Amino acid sequence: MKAVVITTPGGPEVLKLQEVEEPKVKENDVLIRVEATALNATDTLQRQGKYSPPKGDSEYPGLECSGTVEEVGKNVSRWKVGDQVCALVKGGGYAEKVAVPAGQVLPIPSGVSLKDAASFPEVACTVWSTVFMTSKLSSGETFLIHGGSSGIGTFAIQMAKYLGIKVFVTAGSEEKLKACKELGADVCINYKTEDFVARVKEETGGKGVDVILDNIGGAYFQKNLESLGMDGRLFIIGFMGGVKAEANISFLLAKRLTVQSAGLRTRSLEKKAEIVSEVEKNVWPAIAKGKVKAVVYK
């Protein structure tokens, strides 16, 4: 089969389509003939030589895909050859075929094309497992998303609004903020021209928000603590602004704050299967109702 191979660390030009061995299908695996995949930040970091896949994962990029089941392992009962599915994969989505643990495979959401379905597994599993399963974000609360126009952000906006949550976002241009507004964001903040802490305090009557989903890290750590209300939860999923921070940690005590962080790829097969199951139960109905839509840039 053919796969996109990272021939050497570098820019997009180092990606080459090459003939490689087909993946081996284990007893609990599903072999998917890939229709579409998606680009995630981890794929870019891996291409640049700044990220190595966990031991046992595919060396090829691609953390999600959609396609048609071509083969199932002997212990797999839910899926059968010919099923159209999408999946959270452990690398290898940038190939004609990929073997996936059966617990990480999802049906194509109702009303979504096979191609567009490839855009959902990684963002849905990331957002649902962090701010919903862990931070317990719930109806009636307030939620700040940094990078509102990103893949994670556009999904989080829609899912939060579906569940009755007031959404704040930050982004770096009016074009991006307009896109967030169109997806349902209530308060859109240009971090280049506004102090997001001041705006959050203004919009919440000085209380602060309940939950923050942050991919910036160090540069925003103190500001995030200031932006949270009593019993607030900060969930960090990235470090675009660095890994080091100096902060006044008295905010943690005074406001009973919780700081959380987790990656998705390094979780156990059992935990990933649990997350995927929760996503199908809680997110897929929102997609079927047209309340959460695929946002595909190009």
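The values are calculated or read from the model by the stated rules, or taken from the named source; none is laboratory data. Small disclaimer: the values here were computed from a predicted structure and weren't measured. Glycine gets a Cβ as well: all are built from the backbone with ideal geometry, and neighbour counts include every protein chain shown. Accessible surface is based on the protein model in full, side chains and every heavy atom, while ligands, DNA and RNA are left aside. Shrake-Rupley method; radii C 1.70, N 1.55, O 1.52, S 1.80 Å.
Side notes on the structure shown:
- Residues of segment 155-189 satisfying the condition of being open to solvent by less than 40 Å² (accessible area, probe 1.4 Å), in contact with a helix residue (DSSP H, G or I) (Cβ under 6 Å, 6 or more places away or on another chain) and among the hydroxyl-bearing types (Ser, Thr, Tyr): THR170
- Hits in segment 251-266 - residues which are touching a helix residue (DSSP H, G or I) at 6+ places or on another chain (Cβ under 9 Å) and open to solvent by 50 Å² or more (accessible area, probe 1.4 Å): PHE251, LEU252, THR258, VAL259, SER261
- Of the criteria (1) at pLDDT 95 or above; (2) open to solvent by 40 Å² or more (accessible area, probe 1.4 Å); (3) in a loop (DSSP other than H, G, I, E, B); (4) under 23 Å from CYS125 (Cα atoms), which one LYS26 fails: (4)
- For segment 224-246, the tally of residues that are under 23 Å from THR204 (Cα atoms) and either at pLDDT below 95 or assigned to a loop (DSSP other than H, G, I, E, B) (or both) stands at 0.
So that you can scan it fast, the table gives a plain yes or no per residue for (1) under 19 Å from THR193 (Cβ atoms); (2) touching a Ser or Thr at 6+ places or on another chain (Cβ under 9 Å); (3) not in a helix (DSSP H, G or I):
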site	(1), (2), (3)
THR126	no, no, no
PHE155	no, yes, no
GLN158	no, no, no
VAL169	yes, yes, yes
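- Some residue of segment 3-15 being open to solvent by 80 Å² or more (accessible area, probe 1.4 Å), over 25 Å from ASN215 (Cα atoms) and touching a residue at least 12 places away in the same chain (Cβ under 8 Å): no
- The residues of segment 202-258 that are touching a Lys or Arg at 6+ places or on another chain (Cβ under 8 Å) and among the β-branched types (Val, Ile, Thr), listed by number, are VAL211, ILE212, THR258.
- Taking first residues from segment 284-298 that are over 18 Å from CYS180 (Cβ atoms) and partners that are surrounded by fewer than 14 Cβ atoms within 10 Å (Cβ to Cβ) and modelled with pLDDT under 95, the Cβ contacts under 6 Å between residues at least 6 apart in sequence or on separate chains come to ALA288/SER110.
- Evaluating GLN48 against the criteria (1) open to solvent by 60 Å² or more (accessible area, probe 1.4 Å); (2) touching a residue at least 40 places away in the same chain (Cβ under 8 Å); (3) out of contact with any Lys or Arg (no Cβ under 9 Å at 6 or more places or on another chain) leaves one unmet condition, (2).
- Just one of the listed residues (GLY151, GLY147) is under 13 Å from the mean Cα position of the chain (by Cα), on the phi > 0 side of the Ramachandran plot and open to solvent by less than 50 Å² (accessible area, probe 1.4 Å), and it is GLY147.
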